[in-house]
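Notes follow the structure.
Each reported figure results from applying straightforward, stated rules to the coordinates on display, with no laboratory input. Computed from a predicted structure; not experimentally measured. For neighbour counting, all protein chains shown are included, and Cβ atoms are generated from backbone atoms with ideal geometry for every residue, glycine included.
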Amino acid sequence: MRLTVLGSAASYADARRACAGYLIEAGGTSLMLDCGNGALANLGVLADPVALDAVFISHEHPDHFADLYALQAALRYAPAGPAPALPLFLPPGLAERLTCLLTEHGREEWAAAFMVRELVDGRTERVGALTVTPWLVDHTERTFALVVRQDDATLCYTADTALGEPARAAARGADVLLAEATLPEEYAGRAAHMTPAQAGDLADSAGARTLVLTHLWPTIDRAVAADEAQSRFSGRVIVAEELMTIDVESHGSG
């Protein structure tokens, strides 16, 4: 299984970055986890968006879904003709809120572009060679961590969350932990997000081999963030960068 970072910034994207978006590929299957502003353009560097097998959105903040409107256009107005409806997994109620921005014609186009399915806490979805299990975590809105598996290899994407038992339950046993690290250490506890050190704590308790820090506030010093995470976690720490790829292998792979 391979992870490619499409967007690593929190809330708004600084220069040459994008907001939340991650491409997961394995066994001929490709999924996108979140589709924040700018992420679709980075996907286009690597693949045709029309070739995706599904998209999963973790929660209803725009930096995690804003490019869905652009993806709709890609699906419906492709030069070769409209693509088949793409499975789109969303938190309950988000589809209705997203389509409130559209005209009646736009809502018809949305319905033709996407096969909308609601995420259910703990219910595993299979898409080709991959399974995805949503776990409710602690954030300001209903938010799901997304645990992706191919055979014995496991990736946990925390989405946006405070450190706590829900995040620990989702991350437990992950080979690669893709963890938000939004807050500078001096802001710890001021919002329902983690600091880099807290992400390190989470990786340590999960037994992960690799921690990937993402969803970083644009003004945060990424080198310092890596050091702070490493102070709490003895495994490999990577700071997410756009278009970076990371192999996800099980603990038993070496």
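Observations, loosely collected:
- Count - residues of segment 195-225 that are surrounded by fewer than 17 Cβ atoms within 10 Å (Cβ to Cβ), of a type in the set (S, T, Y) and not in a loop (DSSP other than H, G, I, E, B): 1
- Qualifying positions in segment 119-134 - touching a residue at least 24 places away in the same chain (Cβ under 8 Å) and either farther than 26 Å from R168 by Cα or exposed (fewer than 14 other Cβ atoms within 10 Å of the Cβ) (or both): G128
- Restricting L23, L52, L98, L40 to residues that are in contact with a Phe, Trp or Tyr (Cβ under 9 Å, 6 or more places away or on another chain) and either surrounded by 14 or more Cβ atoms within 10 Å (Cβ to Cβ) or within 26 Å of S250 (Cα to Cα) (or both) narrows the list to L98.
- When A95, A113 are checked against the criterion of being of a type in the set (A, V, I, L, M, F, W, C) and either out of contact with any Leu (no Cβ under 6 Å at 6 or more places or on another chain) or under 20 Å from T214 (Cα atoms) (or both), a single residue qualifies: A95.
- Filtered residue count, segment 101-114, keeping only those that are assigned to a loop (DSSP other than H, G, I, E, B) and either surrounded by 13 or more Cβ atoms within 10 Å (Cβ to Cβ) or hydrophobic (A, V, I, L, M, F, W, C) (or both): 2
- In segment 135-148, the qualifying residues are those that are part of a strand (DSSP E or B) and touching a residue at least 60 places away in the same chain (Cβ under 8 Å), and the one that is surrounded by the fewest Cβ atoms within 10 Å (Cβ to Cβ) is T143.
- Residue in segment 158-170 that is touching a Ser or Thr at 6+ places or on another chain (Cβ under 8 Å), farther than 18 Å from E228 by Cα and either in a strand (DSSP E or B) or of a type in the set (K, R) (or both) present: yes
- Residues considered: A174, A192. Of these, the only one that is of a type in the set (A, V, I, L, M, F, W, C), part of a loop (DSSP other than H, G, I, E, B) and surrounded by fewer than 24 Cβ atoms within 10 Å (Cβ to Cβ) is A192.
- Of all residues in segment 1-18, those being over 30 Å from H251 (Cα atoms) and either in a strand (DSSP E or B) or more than 13 Å from the chain's Cα centre (by Cα) (or both) number 7.
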